[in-house]
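K.L.:
Sharing a structure with you now.
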Amino acid sequence: MHRRALTPIWLARPSRFADVQPRGGRIGAALLALLLMLATLLVYASPAPPVASGQPENRADDRADVVLYETIVANVRAGRDYYLAAADAQRAGGYPLRPFVTVRLPTLARVQAALPPLATPILLYLLCAAVAATWGFRLRTAFARTPPRLIALALLAGGLMVFVQPDLAAFHEIWAGLFVALSLGLWRPDRWLPSVAFGLAAVLIRETAGLYLAIMAGCALVEGRRRETAGWLVAIAILAAVLVLHAHAVAQVVRPLDPASPGWSDRLGIGLFVRALVALTALDLAPLWLAAPLIGLSLFGWAAWRDLLAMRVLATMLAYATLLGLFARPDTFYWAMLIAPLSLVGLAFALDGGRDLLSAAFDTRRITVTRVVR
């Protein structure tokens with residue numbers, strides 16, 4: 001017997017699981033329970049990311065990376081070459097200079113150095129406002145009523161908690177993460193060029209956003225959108241060319257005795273991904289036993305929204321979960337900033353999706369056929 005889709009609770013359209021059959025519902029409910037259990041258990045098996053102590057006497061250590069980037073910007077503003085300034089600052093702070101990716105791309109430092117200091121926090125606030133406005137407009141059609149829209153925007157604000165701190169404006173992942181969120185919010189099946197442009201802006205600030213370009217290119221290819229696929233591939237080609245030039249420039253300033261990075265192959269698992277998102281969002285205010293399953297529930301929520309954009313967001317989240325689980329160290333948990341802005345919004349879709357999945361799983365109705373012989 002085919003189940004009739006239930007009336008949505010919050011969503012404007014039935015969730016992706018609204019018409020799932022009982023067997024599929026039981027499998028889906030079991031997988032959801034497994035996801036929430038793993039998110040909760042694995043987070044305790046992963047080392048905690050280093051966090052700021054908050055003590056005045058430790059402020060220099062708490063802001064070491066930010067101070068490094070601020071120093072580079074100040075030296076470039078004073079007229080120094082970016083690569084010489086970056087090499088000297090990293091050398092003085094004991095930071096590695098090999099391989100070349102340990103030196104950030106020069107885009108952000110040069111832009112900030114060309115602007116008056118007051119302009120940087122203003123631009124940061126404007127970019128945060130642009131992300132909020134873009135997603136506010138996009139979510140307007142996802143929900144049937146105003147209250148769930150406001151809840152979704154509140155969840156977006158919870159994901160932007162770190163991004164509105166002007167003292168972190170020199171941090172590259174802050175800007176790249178906002179551009180990724182803006183790129184996703186602007187994506188439309190028939191209007192993808194602005195999305196590619198902001199995705200390119202993200203990778204020119206932080207090359208680890210290149211994974212996002214690859215995900216979007218793969219999604220476009222699977223959906224049969226050839227022109228869009230070509231657009232994302234052009235962006236990837238530009239990034240590759242920039243990285244070649246960057247590697248050459250870094251090689252000119254590296255000395256034989258400069259330290260090398262310890263590498264990126266700690267394989268700490270998905271628990272680090274969950275811990276990172278908890279630390280970078282409003283979930284940091286909640287106990288870990290509650291915050292961890294909410295990250296898993298948010299991923300489920302993105303899967304529940306019946307929209308092509310939701311699948312792209314989910315694919316991006318899962319790709320960075322894999323990246324952090326395989327390659328990140330506890331002190332590189334900030335890679336999760338690239339997806340943190342949207343990491344909680346999926347909770348707004350989880351209510352309908354969870355109700356539909358559980359309704360199917362516990363549907364025990366049967367049709368009995370009786371033959372009447374006259």
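K.L.:
Hey, fewest Cβ within 10 Å first, where do D190, D88, D352 land in order?
P.N.:
Ordered from fewest to most neighbouring Cβ atoms within 10 Å, D190, D88, D352 come out as D190, D88, D352.
K.L.:
In addition: Taking 41 Å as R0, compute the FRET efficiency from the Cβ-Cβ separation of D88 and A240 and round it to 0.05.
P.N.:
0.90
K.L.:
Here's another thing I want to ask about it. Tell me the angle of helix 22-45 to the major Cα principal axis of the chain, expressed in degrees between 0 and 90 and rounded to the nearest ten.
P.N.:
The two axes meet at around 30 degrees.
K.L.:
Taking the Cβ-Cβ separation of F327 and T7 as r and a Förster radius of 41 Å, what is the calculated FRET efficiency to the nearest 0.05?
P.N.:
0.40
K.L.:
Sticking with this structure for a sec: So which residue, out of L272, L351, L184, gets the largest mean-square fluctuation from a GNM of the chain using Cα contacts under 10 Å as springs?
P.N.:
The residue that fluctuates most here is L351.
K.L.:
Could you list the trypsin sites (Lys or Arg not before Pro) in the stretch 80-179 that lie in coil according to DSSP, counting only those with at most 11 other Cβ atoms within 10 Å of their Cβ?
P.N.:
R145
K.L.:
So how much slack lies between R191 and A133, counting 0.36 nm per residue of separation and subtracting their Cα-Cα distance, in nm?
P.N.:
Result: 19.1 nm gained on full extension.
K.L.:
Along the positive direction of the dipole of the chain (beta-carbon charges: Lys, Arg +1; Asp, Glu -1; about the Cα centre), which of A89, N75, A169 reaches farthest?
P.N.:
With unit charges placed on the Cβ atoms, the residue in question is A169.
K.L.:
Could I ask something else about it? With +1 on each Lys and Arg Cβ and -1 on each Asp and Glu Cβ, and nothing else charged, work out how big the dipole of the stretch 178-243 is about its Cα centre, in Debye to the nearest 20.
P.N.:
120 debye
K.L.:
Residues with beta-carbon under 15 Å from that of L324, excluding L324: net charge, scoring Lys, Arg +1 and Asp, Glu -1?
P.N.:
+1
K.L.:
A further question follows. Treating only the Cβ of Lys, Arg, Asp and Glu as charged (+1, +1, -1, -1), what charge dipole size does the chain show about its Cα centre? Round to the nearest 20 debye.
P.N.:
Magnitude of the dipole: close to 1880 debye.
K.L.:
Right, another one. Hey, with R₀ at 45 Å, roughly what FRET efficiency would V66 and L41 work out to, going by the Cβ-Cβ distance, to 0.05?
P.N.:
After rounding to 0.05, the efficiency reads 0.85.
K.L.:
Taking 0.36 nm per intervening residue step and subtracting the Cα-Cα distance, what contour gain separates T141 from L308 on full extension?
P.N.:
Value of the extension gain: 58.8 nm.
K.L.:
Still on this structure: Which ordering of Y320, Y95 is given by a fewest-first count of other beta-carbon atoms within 10 Å?
P.N.:
Result, fewest neighbours first: Y95, Y320.
K.L.:
Once you've got the GNM for the chain with C-alpha springs shorter than 10 Å, pick whichever of G271, G296, G28 has the biggest mean-square fluctuation.
P.N.:
Top of the fluctuation ranking is G28.
K.L.:
Would you work out the relative contact order for the chain, in percent, from Cα pairs under 8 angstrom that are 6 or more residues apart?
P.N.:
Worked out over the chain, it gives 30 percent.
K.L.:
Then there's this: Comparing L257, L124, L268, which has the greatest mean-square fluctuation in the GNM of the chain with Cα pairs linked when under 10 Å apart?
P.N.:
Among L257, L124, L268, the largest GNM mean-square fluctuation belongs to L257.
K.L.:
If every alpha-carbon in the chain counts as one equal scatterer, what log10 I(q)/I(0) does Debye give at q = 0.08, 0.10, 0.15 1/Å?
P.N.:
Each listed q corresponds, in turn, to -0.45, -0.68, -1.42.
K.L.:
Before rounding to the nearest 500, sum -39500 (n - 2.57) across all DSSP H runs of length at least 4 in the chain and divide by the residue total; then give [θ] at 222 nm in deg cm²/dmol.
P.N.:
My calculation for the chain gives -20000 deg cm²/dmol from helical runs alone.
Just so you know, all these numbers are worked out from the coordinates, no wet-lab data involved. Since the structure is predicted, the reported quantities are computational estimates derived from the model, not experimental observations. Cβ: placed from backbone, ideal geometry, glycine included. Neighbour counts: every protein chain shown.
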